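What follows is a single structure, written as structure tokens, with notes after it.
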């Protein structure tokens, strides 16, 4: 029995899916985080092993890893957050080869997690390229084309983390919300009339358990908690690590914008959507002699993944931003189950060759 394994390795969890040769999902498994940027190769492999073992068991297949005897996997795809360089990929390539029994080569793919969103190229006959956008806590855009059934990266924009980038991400949404609240406070200092009430401001102040805008600074600039501190659902916002302190404001912004139509919250999301489109547009357009690796949107699928871009109205803001720049994609979709999509696409590519 030939089976296809795809593992989506993220910062919050590891998700594994197994498809049979007809593209039916027959096994699923999950485990803890497996972001290569934050974990050692050993910790990464431990999470992957746990997820794949569970997926094999749920498919009623032998769950020994490495496999006893010939490998049951026709191909495997490991899409890892933090797999941004040849060195990071090489650090896990041989351990994954040993784990699965697949020799290094085209049947053992180890890529960045953004690559996984390009899998729909192999599911639709009317597209030959993809622009993938991850918009969650962080953000990145990567473009691809299909060559001989394999995905080939064309260009990349973003993915530089919260200090240097992450435009349109959960972190930027939280940061921009605070910045707009502070800007309102600045304007009020020179206005005759007081500002109108702001629902977003009230909710963010409540989140930090403060009552004055000027107290936001002490909440934002507090040092991170010591390593090993227990962080739970009831941990005060100001006691979270800085990244979480800011990015966990994004659900408040989304709810205030899309459920309550607060103009300040809507302005925050419009700003963040524009900034994401601006950096992602670096990889989109008609190829030229100087920029031959651009991809044409009219022959491409725009494929989204991540919690923020999973919100339809925010995704619509981004698509509209592309249209304003003249970029209209052949297809637009949100991949809500990347491991499943990857496993199914591998089976589809296998059947095309057969």
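The values are calculated or read from the model by the stated rules, or taken from the named source; none is laboratory data. Note that this is a predicted model, so its numbers are computed, not measured. All Cβ positions, even for glycine, are placed from backbone atoms using ideal geometry, and neighbour counts span all protein chains on display.
So the values come out like this:
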| read-out | value |
| --- | --- |
| Helices (runs of 4 or more DSSP H) enclosed by the range 22-131 - at least 3 residues per element that are surrounded by fewer than 17 Cβ atoms within 10 Å (Cβ to Cβ) | 41-58, 86-100 |
| So residue 55, is it on the phi < 0 side of the Ramachandran plot, modelled with pLDDT of 90 or more and in the same structural domain as residue 74 (by TED's automatic domain parsing) | yes |
| Residue that is more than 30 Å from residue 81 (Cα to Cα), modelled with pLDDT of 95 or more, assigned by TED's automatic domain parsing to the domain that holds residue 315 and surrounded by 11 or more Cβ atoms within 10 Å (Cβ to Cβ), where the choices are 200, 266 | 200 |
| Of all residues making up the range 196-208, the number that are under 16 Å from residue 179 (Cα atoms) and assigned to a loop (DSSP other than H, G, I, E, B) | 2 |
| Test for residue 211: is it surrounded by 13 or more Cβ atoms within 10 Å (Cβ to Cβ) and assigned to a loop (DSSP other than H, G, I, E, B) | no |
| Matching residues, the range 254-266, being more than 21 Å from residue 137 (Cβ to Cβ) and in a helix (DSSP H, G or I) | 263, 264, 266 |
| Residue satisfying all of: in the range 155-169; touching a helix residue (DSSP H, G or I) at 6+ places or on another chain (Cβ under 7 Å) and within 16 Å of residue 270 (Cβ to Cβ); surrounded by the most Cβ atoms within 10 Å (Cβ to Cβ) among these | 168 |
| Residue, nearest to residue 62 (Cα to Cα), within the range 1-14, restricted to residues that are at pLDDT 95 or above and under 22 Å from the mean Cα position of the chain (by Cα) | 5 |
| Residues within the range 258-294 that are farther than 11 Å from residue 177 by Cα and without any contact (Cβ under 8 Å) to a residue 24 or more places away in the chain, tallied | 10 |
| Odd one out for residue 231, checked against (1) outside any loop (DSSP other than H, G, I, E, B); (2) touching a helix residue (DSSP H, G or I) at 6+ places or on another chain (Cβ under 9 Å); (3) over 22 Å from residue 168 (Cα atoms) | (1) |
| Meets criteria (in the same structural domain as residue 283 (by TED's automatic domain parsing), surrounded by 19 or more Cβ atoms within 10 Å (Cβ to Cβ) and assigned to a helix (DSSP H, G or I)) for residue 140 | no |
| Tally of residues being within 20 Å of residue 115 (Cα to Cα) and in a strand (DSSP E or B) across the range 1-21 | 12 |
| Options 147, 152; residue that is free of Cβ contacts under 8 Å to residues at least 40 places away in the same chain and under 23 Å from residue 281 (Cβ atoms) | 152 |
| Residue match in the range 334-349 (condition: touching a helix residue (DSSP H, G or I) at 6+ places or on another chain (Cβ under 9 Å), within 28 Å of residue 253 (Cα to Cα) and part of a loop (DSSP other than H, G, I, E, B)) | yes |
| Any hit, the range 129-136, residues being within 19 Å of the chain's Cα centre (by Cα) and either within 22 Å of residue 240 (Cα to Cα) or free of Cβ contacts under 8 Å to residues at least 40 places away in the same chain (or both) | yes |
| The range 240-253 residues that are under 14 Å from residue 138 (Cα atoms), paired with ones that are at pLDDT 90 or above and outside any helix (DSSP H, G or I) (beta carbon under 7 Å, 6 or more apart) | 250/308 |
| Residues of the range 234-253 classified as in contact with a helix residue (DSSP H, G or I) (Cβ under 7 Å, 6 or more places away or on another chain), at pLDDT 90 or above and in a helix (DSSP H, G or I), total | 6 |
| Of all residues in the range 8-21 being surrounded by fewer than 18 Cβ atoms within 10 Å (Cβ to Cβ) and touching a strand residue (DSSP E or B) at 6+ places or on another chain (Cβ under 6 Å), the one that is nearest to residue 66 (Cα to Cα) | 20 |
| For residue 314: the one exception among (1) surrounded by 22 or more Cβ atoms within 10 Å (Cβ to Cβ); (2) farther than 20 Å from residue 143 by Cβ; (3) outside the structural domain of residue 168 (by TED's automatic domain parsing) | (3) |
